[in-house]
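Please see the structure below; I have some questions.
The values are calculated or read from the model by the stated rules, or taken from the named source; none is laboratory data. These numbers come from a predicted model, not from an experiment. Note that each Cβ is placed from the backbone with ideal geometry, even for glycine, and that neighbours are counted across all protein chains shown. In case anyone asks, the SASA skips ligands and DNA or RNA and just uses the protein heavy atoms, side chains included. Shrake-Rupley method; radii C 1.70, N 1.55, O 1.52, S 1.80 Å.
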Amino acid sequence: MATIPQNPENRSYEKALSEMSPFEVKDTLIKLAEKNAQRSTATFLNAGRGNPNWLLSFPREAFFTLGEFAMSEANRTVYDAPIGIVASPSQDGIAKRFEDFLSANADKIGAKVLRHFYSHFTGDLKANADELVFEMVDGILGDHYPTPPRILKYPEIAVREYLRWAMGGGDDNTVFDLFATEGSTAGMCYVFDTLKQNFLMKKGDKLALLTPCFTPYLEIPRLDQFDLDIVYVSANKVERNGYHDWQYAPEEIDKLRDPSVKAVCITNPSNPPSYTFSEETLKQLVDVVKNDNPDLMIITDDVYGTFIDGFKSLMYVLPYNTCCLYSFSKYFGATGWRLATMAVAPDNVFDARIAKLSDEEKAILNKRYESLTLDPGALKFIDRLVADSRLVGLNHTAGLSTPQQIQMMLFATFAYLHREELQPKLINMIHSRLEALWSTTGFTLFPDPYRAGYYSEIDLMVWAKKFYGDEFTDYLNNNYEPLDFVIRLANETSVVLLNGDGFDGPKWSVRASLANLDKDAYLKIGTAIRKILDEYHTLFLQSKK
């Protein structure tokens, strides 16, 4: 949609626009909102995207301080000083030099964070000091390919420890295999491709989607290269006296009992409602797998899990069936770093299903992976993910860049060591914004222990009905496109929200991110939402005269 009509609030334009992803519609809404802000006193407020407006500075300070030490190690041997050609660092004695560097820079925040990190690894985790420091130095300098390509040794240890806490592992000592990826978006691409390449998902196979969900999960399976049959498991049902609780009715979860449903994609906590599973739903999912669909492949995207105290990921509830994607983008304010990991248990359904393939399919796969190993049939699913990420032939150059892996390691260990201080502060910050948003709408926000609150999905039809009755909601449905609300909101108040139906949410719902604006902005956004709803009601009353 290159050209925006002079009057964007018309049904034909809105119908055409509604065929696009909400993330593409967002660009149009931003243009309208910015134009309105220029011609009025309104402030442009974009709550349409989930990029946080915070970042964790201390692990970044550690990263850049480590970089200083790494350069001092590289400069120990100089080949050409005038142009800056130096040697790759040496491991011999590097831990002692690192300790001396930390002592000499003891007043720096970065050095303090590194000291805590180093003590934890060499003390609590019994790491070899020279090996640890050399991997960090070599990694941050980025002078070698990632080896092993799946993930470096010490970043894997750090991220495993962090995930066990963050994903609700408790005392579970399962040693998950990890694959470091360029954000969870890369992980999504890799998993869909490897499922296809390994005959685990074929064209026409049934894939269940728990909705509302992140739009790529709606769009990718429909691409011609996958062409999957989508089974929708919806949380859109209205519960609790006419209010959404964004949980899944038992009859919806029961759709997964069908053994022809081979895989399910889950965003947990959900996006956009931002709710995690209730205890009842978790128990039902376990029952589904144990009694009806034991070979179900579960892909769970758990980036928002850390915004719920006591979160429990399916990677620990159903480890055999689950591949977990976890991104560092939100909790750490690091969307630009592109840091994520895929986690698969050593004993898993993916490898088991590969072992059950036909002889013909196994022969095709042995041919595909024969350049990697003398026994391609024994290649694990997670290593197939790595190979497929580089079209197999470039497997030796696969993997997340080593500087990224070092930052991810520092993020993970910092958050783990400071978990009791950090998590409550971030949760309280987004919850205060959520409460500010709802406080000026006049809508009621009920307490809910399963709410993360990173986003808020507001079903305007629920509130239109409660405030003004069924006749008014019929008027809205009959006279306007659902996209009209976010168009008017941008065009008349300079506020950008995304249309919830683009996430397979209720038709007249909107999604607000609580991450990317300060608290006062959400007071204004709530006021703007109520203003537009009341405008519709005024038009409704005029139509009755």
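Can you tell me which residues in the range 188-217 are modelled with pLDDT under 95 and open to solvent by 10 Å² or more (accessible area, probe 1.4 Å)?
Selection gives PHE214, PRO216.
Could you grab the pairs with beta carbons closer than 7 Å, sequence gap of 6+ or different chains, first residue in the range 276-287 and closer than 17 Å to PRO319 by Cα, second one surrounded by fewer than 16 Cβ atoms within 10 Å (Cβ to Cβ)?
Listed by first residue and then by second, the contacts come to GLN284/PRO250.
To continue, here is another question. Would you pick out the residues in the range 135-163 that are in contact with a Phe, Trp or Tyr (Cβ under 8 Å, 6 or more places away or on another chain) and of a type in the set (D, E, K, R)?
Answer for the range 135-163, where residues must be in contact with a Phe, Trp or Tyr (Cβ under 8 Å, 6 or more places away or on another chain) and of a type in the set (D, E, K, R): GLU135, ARG150, ARG160, GLU161.
Could you check PHE101 against (1) under 22 Å from PHE134 (Cβ atoms); (2) touching a Pro at 6+ places or on another chain (Cβ under 6 Å) and say which number it fails?
(2)
Could you list, in sequence order, all residues of the range 518-538 that are touching a residue at least 60 places away in the same chain (Cβ under 8 Å), of a type outside the set (D, E, K, R) and out of contact with any strand residue (DSSP E or B) (no Cβ under 6 Å at 6 or more places or on another chain)?
TYR522, LEU523, GLY526, THR527, ILE529, LEU533, TYR536, HIS537
Output the number of the condition that LEU460 fails; it satisfies all remaining conditions of (1) at negative phi; (2) free of Cβ contacts under 8 Å to residues at least 60 places away in the same chain.
(2)
Yes/no per residue for (1) closer than 26 Å to ARG164 by Cβ; (2) out of contact with any Gly (no Cβ under 6 Å at 6 or more places or on another chain):
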site	(1), (2)
PHE411	yes, yes
LEU422	yes, yes
MET429	yes, yes
SER439	no, yes
THR444	no, yes
GLU457	no, no
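Same structure, new question: May I ask you to list the residues in the range 421-477 that are charged (D, E, K, R) and farther than 14 Å from PRO273 by Cβ?
Of everything in the range 421-477, those that are charged (D, E, K, R) and farther than 14 Å from PRO273 by Cβ turn out to be GLU421, LYS425, ARG433, GLU435, LYS465, LYS466, ASP470, GLU471, ASP474.
Oh, and also: Restricting to the range 424-483, count the residues that are open to solvent by less than 60 Å² (accessible area, probe 1.4 Å), within 30 Å of LEU541 (Cα to Cα) and hydrophobic (A, V, I, L, M, F, W, C).
The number of residues fulfilling the criteria is 14.
Scan the range 480-504 for residues that are over 23 Å from ALA235 (Cα atoms) and either without any contact (Cβ under 8 Å) to a residue 24 or more places away in the chain or part of a strand (DSSP E or B) (or both) and jot them down.
VAL495, VAL496
Filter the range 52-84 for residues that are β-branched (Val, Ile, Thr) and either open to solvent by 30 Å² or more (accessible area, probe 1.4 Å) or out of contact with any Leu (no Cβ under 8 Å at 6 or more places or on another chain) (or both) and give the result.
If the condition is that a residue be β-branched (Val, Ile, Thr) and either open to solvent by 30 Å² or more (accessible area, probe 1.4 Å) or out of contact with any Leu (no Cβ under 8 Å at 6 or more places or on another chain) (or both), then THR77, VAL78, ILE83 are the ones that fit.
With ASP351, ASP359 as the choices, which residue is of a type outside the set (A, V, I, L, M), modelled with pLDDT of 95 or more and surrounded by 14 or more Cβ atoms within 10 Å (Cβ to Cβ)?
On inspection, the qualifying residue turns out to be ASP351.
Only residues that are β-branched (Val, Ile, Thr) and open to solvent by less than 10 Å² (accessible area, probe 1.4 Å): list them for the range 484-515, please.
Scanning the range 484-515 gives VAL486, ILE487, VAL495, VAL496, VAL510.
I'm trying to understand the selection: among the residues of the range 447-484, which are of a type in the set (Ser, Thr, Tyr) and in contact with a Leu (Cβ under 8 Å, 6 or more places away or on another chain)?
If the condition is that a residue be of a type in the set (Ser, Thr, Tyr) and in contact with a Leu (Cβ under 8 Å, 6 or more places away or on another chain), then TYR454, TYR455, SER456 are the ones that fit.
Can I ask one more? Filter the strands (runs of 3 or more DSSP E) completely within the range 259-338 down to those with at least 1 residues that are touching a Cys at 6+ places or on another chain (Cβ under 9 Å) and surrounded by 23 or more Cβ atoms within 10 Å (Cβ to Cβ).
Answer list for the range 259-338: 261-267, 297-301.
For the range 365-387, what are the residues that are touching a residue at least 24 places away in the same chain (Cβ under 8 Å), assigned to a helix (DSSP H, G or I) and open to solvent by 40 Å² or more (accessible area, probe 1.4 Å)?
Within the range 365-387, ARG368, ASP383 meet the criteria.
For residues that are among the charged types (D, E, K, R) and part of a helix (DSSP H, G or I), scanning just the range 517-544, find the one that is surrounded by the most Cβ atoms within 10 Å (Cβ to Cβ).
Result: LYS524.
Condition test on ALA415, is it touching a residue at least 24 places away in the same chain (Cβ under 8 Å) and within 19 Å of the chain's Cα centre (by Cα)?
Yes: the conditions hold for ALA415.
Of the residues ILE220, ILE230, ILE266, which single one is β-branched (Val, Ile, Thr), closer than 30 Å to LEU365 by Cβ and in contact with a Phe, Trp or Tyr (Cβ under 7 Å, 6 or more places away or on another chain)?
That would be ILE220, the only listed residue that is β-branched (Val, Ile, Thr), closer than 30 Å to LEU365 by Cβ and in contact with a Phe, Trp or Tyr (Cβ under 7 Å, 6 or more places away or on another chain).
Is it true that THR397 is open to solvent by 30 Å² or more (accessible area, probe 1.4 Å), touching a residue at least 60 places away in the same chain (Cβ under 8 Å) and among the hydroxyl-bearing types (Ser, Thr, Tyr)?
Judged against the criteria, THR397 is a match.
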